[in-house]
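Chemist: Submitted below is the structure of interest, expressed as C-alpha cells.
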Amino acid sequence: MSLILGIESSCDETAAAVIEDGFTVRSSVIASQIATHAPHGGVVPELAAREHLKALAPVVSSALEQAGVTLKDLDAVAVTQGPGLIPALLTGLNYAKGLAIGNDLPLIGVNHFMAHIYGAFLDGGEKELSAPETYPLLALVVSGGHTSLVLIDACGNARQLGCTIDDAAGEALDKGAKLLGLPYPGGPSVQKAAQEGDPEKYDFPRPLTGAAGKALSPENLYNFSFSGIKTALLYHLEGKDIHAPGFLADTAASYQRAVVDCLVRKTMRAAKDHQVRTIVAAGGVACNAELRRMLAEKLPRNVALKIAKPVFCTDNAAMVGGIAWHSFRRGEFASLDIDSFARLPRFVRVPFI
Ligand code: KG4
Ligand code: ZN
C-alpha cells in the first residue's frame with residue numbers, strides 16, 4: 001500500500017489530502033479563502049499567497065490526523081506545480097519541497113488541470129480509467145480560471161483542443177453575479193437565483209457557437225468566449241428595476257443558460273468530431289446543476305459521461321495526491337528545483353495511462 005500526501009494552492013483554496021493507492025481518499029481538507037476575496041469580487045493573487053502561507057501547516061496537519069497517519073507513514077509528497085496563480089503556487093510548492101527534504105520523501109509535481117480530470121475517477125473509478133474503451137476521452141475543465149476542452153487518447157497524450165479567448169466560464173458567472181448584486185462566488189449564487197426563473201425569457205448571446213448565423217473561423221471551432229455575454233448582461237440591466245417580480249430570477253436563469261449552452265454545444269461538437277468514447281466534466285463550474293443536466297441530455301449515444309463528485313470538482317488536494325500515485329508507481333519524481341507554471345502547455349503526457 002502506498003500513501004501520498006497531496007498539496008494544492010493554485011488559487012484560493014489551501015488543500016491537503018492523504019490518498020491510498022491513487023483512488024482511496026483517506027482524508028481531504030480544504031481551507032477556503034472566500035471571505036478574504038469576497039470584498040474584491042475575485043481572487044487577488046498576493047492576498048491568496050499570504051493566506052496560503054498561514055493555512056498550509058494546519059491544513060496538512062489536519063489531513064494527516066484525519067487519515068490517522070504521520071509523516072513517517074507517507075511514501076511521497078505531491079504538489080500542484082501549475083497552471084495557476086504563480087504567487088499562490090509558489091507557497092505550496094516550497095512547502096512541499098520542505099516536507100520532502102525534511103522527511104526524506106520523493107517529490108511529485110502535479111499538473112492541476114490533469115488532476116481536475118482525474119478527480120472524476122477518484123473513489124471507485126479505477127477500472128474505467130484503465131479500460132482502453134474509455135478513450136479517446138474528452139474533458140471539459142471549467143472553473144474560475146479555466147475553460148478548456150482537452151482530448152486524451154489511449155496512449156495518454158493530452159491535447160488542448162480549445163480554450164476561452166477571454167473570461168473563463170466561472171469568471172463569467174462570478175462577474176455576472178456581481179452585476180446582479182449576488183454574493184461571491186457567483187456560480188452557486190447565480191444557480192440559486194435562477195432556480196425559479198425562466199431560462200428562455202431573455203436572449204443572451206452565444207459567442208463563437210455560430211448560433212447567430214455568424215461563420216465560425218476554424219481556429220475558434222473549440223474556443224469559448226464569455227465576455228460578450230457579460231457585456232450583454234450589463235446592457236440588459238441598464239435602467240431596470242432588479243427587484244421587479246421575477247426579473248432577477250429570469251435574468252439569472254437566462255444568463256446561466258447562455259453560459260451553459262455555449263459549454264455544452266462546444267463539448268458535443270468536439271465529442272462528435274473526435275469520436276470520443278467518454279466525456280468528463282470537472283472544475284468548479286461542473287458543480288452546476290444546469291450544466292450537469294444539459295450534458296446528460298445532449299450526450300451522444302455510446303458515449304459515457306463522467307462528472308466529478310461536487311467535492312472533487314472544486315479545487316482540492318485529493319485529485320493531486322491521486323494522480324501523483326501513477327507517477328509514483330513509475331518512479332517518476334521531481335527534482336527539488338522544479339518551478340511553478342502559469343499556463344497549460346498545449347500537449348501534455350498524462351501519467352495515468
Ligand atoms: O475549480 P474551482 O474551485 O477554482 C478554480 O480553479 O477556479 O472553481 C471555482 C469556480 C468559481 O468561478 C465558482 O463560481 C464556480 O467555480 N462554481 C460554480 C458552482 N460552484 C462553483 N459555478 C456554477 N455553479 C455552481 N454550482
Ligand atoms: Zn482548479
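Chemist: Could you sort 49-60, 64-75 so that the peptide with the highest average Cβ count within 10 Å comes first and the rest follow in order?
Modeler: For the peptides 49-60, 64-75, the packing ranking is 49-60, 64-75.
Chemist: Assuming 0.36 nm per residue, please report the length gained on full extension of the stretch Leu237 to Asp75 beyond their Cα-Cα distance.
Modeler: Details: separation 162, 0.36 × 162 = 58.32 nm, distance 5.48 nm.
Answer, rounded to one decimal: 52.8 nm.
Chemist: Quick check: pseudo-label points 7 Å beyond the Cα along Cα→Cβ at Gln195 and Ala342, how many nm apart are they?
Modeler: A separation of 3.9 nm, rounded to one decimal place.
Chemist: Here is a follow-up. If I model a spin label at Val311 and Lys272 as a point 7 Å from the Cα along the Cα→Cβ vector, what separation in nanometres do I get?
Modeler: About 3.8 nm separates the two model spin labels.
Chemist: Continuing with the same structure: Return the distance in nm (one decimal) between the two label points of a simple spin-label model at Arg349 and Ser217, each offset 7 Å from Cα along Cα→Cβ.
Modeler: About 3.4 nm, to one decimal.
Chemist: Once amide H atoms are placed 1.01 Å from N in the peptide plane, what residues at a sequence separation of 5 or more from Ala334, or on another chain, have their amide H within under 5 Å of its amide H?
Modeler: Leu107, Ile108, Gly109
Chemist: Each residue of the range 215-229 in order: what ³J(HN,Hα) in whole Hz does its phi give by Karplus 6.51 cos²θ - 1.76 cosθ + 1.60, θ = phi - 60°, with x for Gly and Pro?
Modeler: These are the phi-based 3J(HN,Hα) values: 5, 9, 5, x, 6, 9, 3, 10, 8, 10, 8, 10, 5, x, 5 Hz.
Chemist: In sequence order, what are the phi-derived ³J(HN,Hα) couplings for the range 180-197 according to the Karplus relation 6.51 cos²θ - 1.76 cosθ + 1.60 with θ = phi - 60°, rounded to whole Hz, with x for glycine and proline?
Modeler: Per residue, the Karplus-derived 3J(HN,Hα) values read 8, x, 9, x, 7, x, x, x, x, 5, 5, 4, 5, 5, 7, 3, 9, x Hz.
Chemist: Which of the peptides 113-122, 218-227, 294-303 is most tightly packed, and how do the rest follow, judged by the mean count of other Cβ atoms within 10 Å per residue?
Modeler: Details: 113-122: 27.6, 218-227: 17.6, 294-303: 12.9.
By packing density, highest mean first, the sequence is 113-122, 218-227, 294-303.
Chemist: Using a Förster distance of 41 Å, how high is the FRET efficiency between Asn94 and Glu128, based on the Cβ-Cβ distance and rounded to 0.05?
Modeler: Calculated value: 0.70.
Chemist: For Leu53 and Lys298, what is the calculated FRET efficiency with R₀ set at 56 Å and r taken between the beta-carbons, to the nearest 0.05? All intermediate terms of the calculation are to be shown ahead of the outcome.
Modeler: Working: r = 44 Å, r/R0 = 0.78.
Working from the Cβ atoms, E equals 0.80.
Chemist: Could you run the Karplus curve 6.51 cos²θ - 1.76 cosθ + 1.60 with θ = phi - 60° over the range 273-290 and give me ³J(HN,Hα) per residue in whole Hz, x for Gly and Pro?
Modeler: Per-residue couplings from phi come out as 4, 9, 6, 6, 9, 9, 10, 10, 10, 8, x, x, 5, 5, 6, 5, 5, 5 Hz.
Chemist: Counting DSSP beta bridges in the range 130-308, what percent are antiparallel, to the nearest 5? Please list the in-between numbers first.
Modeler: Numbers: 11 of 21 bridges.
Of all bridge pairs located within the range 130-308, approximately 50 percent are antiparallel.
Chemist: Then there is this: Check cross-link reach from Lys54 to the aspartates and glutamates: straight Cα distance under 15 Å, and skip same-chain residues fewer than eight apart.
Modeler: Glu8, Asp12, Glu13, Glu46
Chemist: Which order do the peptides 197-210, 238-251 come out in when sorted by mean C-beta neighbours inside 10 angstrom, highest first?
Modeler: 197-210, 238-251
Chemist: Turning to a different aspect of this structure: Sequence-distant or interchain residues sharing an amide H contact under 5 Å with Ser27, placed H: which?
Modeler: For Ser27, the qualifying residues are Val18.
Chemist: At a Förster distance of 35 Å, what's the computed FRET efficiency of Ser2 paired with Ile34, Cβ-Cβ distance as r, to 0.05?
Modeler: The pair Ser2/Ile34 has a calculated efficiency of 0.60.
Chemist: Further, regarding this structure: Just subtract the alpha-carbon distance of Asp104 and Asp21 from 0.36 nm times their residue separation and send over the number in nm, one decimal.
Modeler: Taking 0.36 nm per residue and subtracting the Cα distance, the gain is 27.9 nm.
Chemist: Given the pairs Lys230/Lys306; Lys178/Lys309; Lys266/Lys309; Lys175/Lys309; Lys127/Lys175, which span a C-alpha to C-alpha distance of over 32 angstrom in this model? Don't skip to the end; give the middle numbers.
Modeler: Working: Lys230/Lys306 29 Å; Lys178/Lys309 27 Å; Lys266/Lys309 22 Å; Lys175/Lys309 25 Å; Lys127/Lys175 39 Å.
Table pairs above 32 Å Cα-Cα are Lys127/Lys175.
We did not get these values from a lab; they are worked out from the coordinates using the rules stated. Source: prediction; values computed, not measured. No Cβ is skipped: glycine too gets one built from the backbone with ideal geometry, and neighbour counts run over all protein chains shown.
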